[in-house]
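Asks: One structure is given below, represented as structure tokens, and several questions about it will come after.
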Amino acid sequence: MTDPYELFAHKLTHAYRRSGRIFIHGAVIAVTLSGFLLTEVALLPVALWLAFLLATMGYHAYLGRRLTVVDRRAMGGINTRPLTFFAALAGLGWGAAAAFLPVISAHLQLLLILTLTAIAAASLPRMAALPVVHAAFMGGLFVPVLIALISVFGADHWMMLGVLLLIWGGLTDEARRAHADLIEIYSTQQTLEEEAGRDGLTGIANRHSFDVYLEREWRRAQRLQVPISLIMIDVDFFKKYNDRYGHPAGDRCLAAVAKTLAGSLRRASDLVARYGGEEFVVVLFHTPRDDARTVAENLRGAIEALGITHEDTSGGVVSISLGGATAVPGVAGQPGALLRAADDALYEAKAAGRNRVAWAASQPCASEAG
């Protein structure tokens, strides 16, 4: 299933990843157009128009660029109304040039209209990713042009107005199609990435997905200075289970354990992955030690409650041992330290009799989190 937050992040990145370069290109075009206008228009109105355009265009580019560096998991909470508003202002910055139409010659009128139409067309490939933002920009640009054309030429010149409306409508329709294509492309890409990151036997995340996820969440916890917890899980005496019941039964057991672990986690941000063989791992972002231990105990109880027969354990059913660690990452900390601490705690749980939870007291290269 496509993650809407991830999809929105892709679309935002598509629209604003080159915003600095696009601003420079737009500024060059605006300055060049100003030079032509100065041959027939006084300096002050041209300078005021150029300053307004550069300010609105620049802040729109800055705001979009700033949003692209926001943590992707926070995308669902972003208010896009300021972005839409400043997109409309940026469009209005270009459209305001139409105010010069009544006072310039015919050849400059043609140049101005062609330039504004080209700006509208150039915005399509990237801004179509955000339909509301694109519509605001196009409205800000075209509405002043239409008003100026009516005031200069009158309604009698309906063909010129009709052509401009057709261009506007065509660009809007093409933006809608481009947006649909982008959604399909990104959805397909996300689906392929999810399939590549899934363990074939259990259907949960694989080792590679875990490595990528832990690195990302560690950096996020480091940046926000919040606790992150990690739980290493081992199915007790699994080799004996395979020897007694056979490998097909062992595969079914692992699949059932993985499904139960995944179903026992309450937050969408929590990750359970197959670490290798009969080992699993759980990552809990922004989760202090006591809460993480409670999660670990719930996982242990859920697996025991499955009641999968295992005559080589003391309880007669499949059970798991869990080792956990919690830390608020320090500046120089690395996620490997958290992983090693959880693995050491898992060893303690197994040495103490299995089917239990053990927790690391502290983590190297990280501040302890309670």
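The values are calculated or read from the model by the stated rules, or taken from the named source; none is laboratory data. Fair warning: this is a prediction, and the values are worked out from it, not measured in the lab. Note that each Cβ is placed from the backbone with ideal geometry, even for glycine, and that neighbours are counted across all protein chains shown.
Asks: Mind checking which residues of region 5-21 are of a type in the set (K, R) and at pLDDT below 80?
Replies: Correct list: K11 only.
Rundown of residues vs (1) within 30 Å of A9 (Cα to Cα); (2) surrounded by 19 or more Cβ atoms within 10 Å (Cβ to Cβ); (3) in the same structural domain as Y62 (by TED's automatic domain parsing), yes/no style:
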site: A88; (1), (2), (3): yes, yes, yes
site: L111; (1), (2), (3): no, no, yes
site: A121; (1), (2), (3): yes, no, yes
site: A136; (1), (2), (3): yes, yes, yes
site: G140; (1), (2), (3): yes, yes, yes
site: V152; (1), (2), (3): no, no, yes
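Asks: So, in region 302-325, exactly how many residues are exposed (fewer than 14 other Cβ atoms within 10 Å of the Cβ) and within 21 Å of A351 (Cα to Cα)?
Replies: 4
Asks: Among the residues of region 197-234, which ones are touching a helix residue (DSSP H, G or I) at 6+ places or on another chain (Cβ under 6 Å), of a type in the set (A, V, I, L, M) and assigned to a strand (DSSP E or B)?
Replies: Listed by number, the residues that qualify are I228, L230, I231, M232.
Asks: For region 266-280, indicate whether the set of residues that are out of contact with any helix residue (DSSP H, G or I) (no Cβ under 7 Å at 6 or more places or on another chain), of a type in the set (G, A, S), over 30 Å from A128 (Cβ atoms) and at pLDDT below 90 is non-empty.
Replies: Scanning region 266-280 turns up no residue that is out of contact with any helix residue (DSSP H, G or I) (no Cβ under 7 Å at 6 or more places or on another chain), of a type in the set (G, A, S), over 30 Å from A128 (Cβ atoms) and at pLDDT below 90.
Asks: Consider region 82-139. How many of its residues are among the polar types (S, T, N, Q) and touching a residue at least 60 places away in the same chain (Cβ under 8 Å)?
Replies: 2
Asks: Let me ask another. Would you please list the contacts, defined by Cβ atoms under 6 Å and residues six or more apart or on different chains, that run from a residue in region 281-307 that is within 21 Å of V212 (Cα to Cα) to a residue that is surrounded by fewer than 16 Cβ atoms within 10 Å (Cβ to Cβ) and not β-branched (V, I, T)?
Replies: Cβ pairs passing all conditions: F285/S269.
Asks: If you don't mind, another one. With the requirement that a residue be surrounded by 15 or more Cβ atoms within 10 Å (Cβ to Cβ) and either closer than 12 Å to I231 by Cα or without any contact (Cβ under 8 Å) to a residue 40 or more places away in the chain (or both), what does region 258-273 give you?
Replies: Hits for region 258-273 are L261, S264, L265, D270, L271, V272, A273.
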